[in-house]
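What follows is a short report on a single structure.
No value in this document is a laboratory result; all are computed from the given coordinates. Predicted, not measured: the structure shown is a model, and the values here were computed from it. Cβ coordinates were reconstructed from backbone atoms using ideal geometry, including for glycine residues, and neighbour counts include every protein chain displayed.
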Amino acid sequence: MTSVQTPPPKMVRKPPVRKRSKIPLLWLVIASGVICAALIFTGIKLFSIPWVLRNPVSQEPVFSWHGSPGQKVILVMGVDEPNRGQRENGESAFEGTRTDTMMLARINADKKQVSLVSIPRDSKVYLAGNRGIDKINAAHALGGPDLAVRTVQDSFGIPVDNFIVINLRGVRDLVDALGGIDVYVEKPMHYTDNTAKLFINFEPGNHHLDGKQAEAFLRFRHDQLGDIGRIRRQQQFIAAVSKKLREPGIVFKIPNMVQLASQYVETDLNPNDLLTLAFFGKDLNMNSLRTATLPGHPGGTRVSYWVIDPEPAQLILDRLILDNPQPLFGGSADTGKPLKVGIFYDPALASSLPQLIQKLEGQQFEVVCKDSQRRTSTQIIEHTSRVTDNLTDAVRKSDPRLEKARLIFAPVGTTFESNACSVGEDYTLILGADSRQ
């Protein structure tokens, strides 16, 4: 039998989380940063609370908040539109639905950071409550958010504080309410499914997407990377929406977004939690957002699974979710040797390489390889436990094009793409076509 994930030893697990709140939720549009990133579609969701504080004389809304979310881990789940609108009136839009997306979001108020780790929906696990082996996306369908949370805790030894479930139909409506979002498409995306009314037709380059196009961008999985490539686009989309939420004109779109909220979201976060997260996210630097995907390989005979590779997966969870950068499975920081850097670049940016390499070597990095690569977005990929936040900041400052690069943590050999030199580098830098000046 193919191996499945079991809890790593000596991990402290929290008891099952409290039942979900029945308080109607509105989207906290004032929160752009983290929870925006962690919420809607796997992240992107704007909360608001069902009450406001008002000045007793003028009756003008007044907010004054100085709280901090501290350290918090939230399981964010996206469920597909149930039965495409065939449910009866009054029937839950969440009950019995499989999770199309699942992410662990860690909020670190002390470091002013948010990390997102995607769990592939076909991951092979033991479902909590002695329900046997299944894909992790079955947990929500069989036992709702509580079973999904317990399964994640049991499978990965991760203490989960709260959950958020989002009906993914809300993504389409939210993007339209925002007036569309801007994304960079890395490769041709073409697919037609008349039955599902799914029509995808994108060429590489910058695109402004409306809600229907955004849904197509997020659902596309018909390339060599399959669902893993789709997860990467979800993470890219989260950053794009978070950027949109920071535009000054968004405040005028709040009433429309508030009307959409209550039907698409279910959570056990209370209004105080949501307000705290909102004010924390308001000033968060989205360049500090790290993303990762639990690595693995296809497996199974009668059922197709994603079999998670335990050692690199634990390295990801240690660094991004448990906030413990030390490797669990041996290894050494080996701080006495220069960190190795590989560089991939759009051919049009070849002339900028000498200056970049000079700056990196001046900061004691060793450039071990470089090569051209077309149709790729700009990224900083961390590969080993030797990297630190300070070192990553130094890498980012070595070239203006890297200042807004997506930040990804992917242990060596688990990037799911041919974007690493595979010579033991600690970083891969990608100067993509989206960074041309």
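Things worth noting here:
- Full-stretch length increase - Y191, A348 - with 0.36 nm per residue and alpha-carbon distance subtracted: 53.6 nm
- Separation of alpha-carbon centers, segment 139-186 and segment 336-395, rounded to whole Å: 33
- Extension gain from N130 to D182, taking 0.36 nm per residue of separation minus the Cα-Cα distance: 14.3 nm
- Mean Cβ neighbour count within 10 Å, used as a protection proxy, ranking 229-235, 74-80 highest first: 74-80, 229-235
- Two-site label geometry, S372 and D210: point separation in nm, points 7 Å out along Cα→Cβ: 3.8
- Legend: residue pairs K253/K404; K72/K111; K243/K404; K187/K370; K72/K135; K135/K212, Cα-Cα distance threshold 18 Å; pairs beyond threshold, K253/K404; K187/K370; K72/K135; K135/K212.
- Sequence ranges 295-304, 152-161, 181-190, ranked by mean other-Cβ count within 10 angstrom, highest first: 152-161, 181-190, 295-304
- Rounded to 0.05, the FRET efficiency of the R246 and T301 pair, given R0 = 56 Å and the Cβ-Cβ distance, is 0.70.
- In sequence order, segment 376-388 has phi-based couplings of 9, 7, 6, 9, 10, 10, 8, 10, 10, 6, 6, 6, 10 Hz under the Karplus curve 6.51 cos²θ - 1.76 cosθ + 1.60, θ = phi - 60°, and Gly or Pro positions carry x.
- Between V423 and R221, the contour length at 0.36 nm per residue exceeds the Cα-Cα span by 69.8 nm.
- Approximate spin-label separation K112-E203, in nm, with each point projected 7 Å along Cα-to-Cβ: 4.2
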